[in-house]
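Structure first, then comments.
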Amino acid sequence: MLPVTRKALRYFMKLVTPEYIGCYLMALFTQLLCLVTNPIVVLFCDKYGNLPKIFRLWQTYDNCLDVDWMISEGVVPKVFRYDFNKHYKYYPESKTNEEMIPGHVVILDDDFTLKERVQRYFCRVLWLYRNSAYGFAYKLLGITYTGIHQHVLENDQTKGKQIFVSFLEDSCGVDRYFSVKSTEYWTCPIIEKRFRFDIYLGWKLSGTQEYTNEKRAMLAIRISPFLSVK
């Protein structure tokens, strides 16, 4: 196994708790739920790309469902791309110690053709699948914390091999919540193709070490050995 990935998994085995295992299993259930229902809940989107309160757990906490770069960067298939900038002005999310402003759109032209409405529907569905069960992991399974209170065990951001490991103590001093994140590149010799091996387990605490205000961290369950490298 890759050295950084192996180190990250060793940390995980030391920090993992029964509580996290329970949350992990619940997250898998919500992933399956959203896998089936994402195409249905999108039908209830308002014109600003937001889901109603009853379905808000399906939506990312930091964005609407209409995101310009999904189209401009060719993330969605060509058949589903429409002239986003004709209809919307997109403002990306902003996350700082002081505040979190979700990504949102301002409507420039609300006159969509039937074809554009169908294309927008599929763009919204693909956005939800890209971030499936995001709201569940954030609001239902996430934790409230203060960044400066975490204990960082390792933080190496060397290009090509990155690892971050930290944990939070609860009121009883127990290492209850943790974060293990790593990135490493590797090449499959059989097909001579390069991949990125990503791990993010625990809760998403990476990059918040200097935060003094109370924040919320979503549950992380990612193990992705075959991410394509351009």
Only one of (1) touching a Lys or Arg at 6+ places or on another chain (Cβ under 8 Å); (2) surrounded by fewer than 15 Cβ atoms within 10 Å (Cβ to Cβ); (3) assigned to a strand (DSSP E or B) is not met by Val105, so which one is it?
(2)
In the range 59-96, the residues that are loosely packed, with under 13 Cβ neighbours inside 10 Å and assigned to a loop (DSSP other than H, G, I, E, B):
Glu73, Gly74, Pro77, Asp83, Thr96
Conditions first: (1) touching a Leu at 6+ places or on another chain (Cβ under 8 Å); (2) crowded, with 18+ Cβ neighbours inside 10 Å. His149 passes all but one, so which condition is the exception?
(2)
Filter result for Glu99 (among the charged types (D, E, K, R), within 28 Å of Lys215 (Cα to Cα) and loosely packed, with under 15 Cβ neighbours inside 10 Å)
yes
Matching option when the condition is modelled with pLDDT of 95 or more and either part of a helix (DSSP H, G or I) or surrounded by fewer than 21 Cβ atoms within 10 Å (Cβ to Cβ) (or both), among Phe136, Phe164:
Phe136
Give all pairs with beta carbons closer than 8 Å in which a residue from the range 138-162 that is over 24 Å from Tyr24 (Cα atoms) and basic (Lys, Arg) meets a residue that is modelled with pLDDT of 90 or more and not in a helix (DSSP H, G or I); count only pairs at least 6 apart in sequence or on separate chains.
Lys161/Thr183; Lys161/Glu184; Lys161/Tyr185
Of the residues in the range 168-227, how many are over 15 Å from Leu2 (Cβ atoms), over 19 Å from the mean Cα position of the chain (by Cα), surrounded by 12 or more Cβ atoms within 10 Å (Cβ to Cβ) and hydrophobic (A, V, I, L, M, F, W, C)?
1
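The values are calculated or read from the model by the stated rules, or taken from the named source; none is laboratory data. None of these values were measured; they are calculated from a predicted model. Note that we place each Cβ from the backbone using ideal geometry, even for glycine, and neighbour counts take in every protein chain shown.
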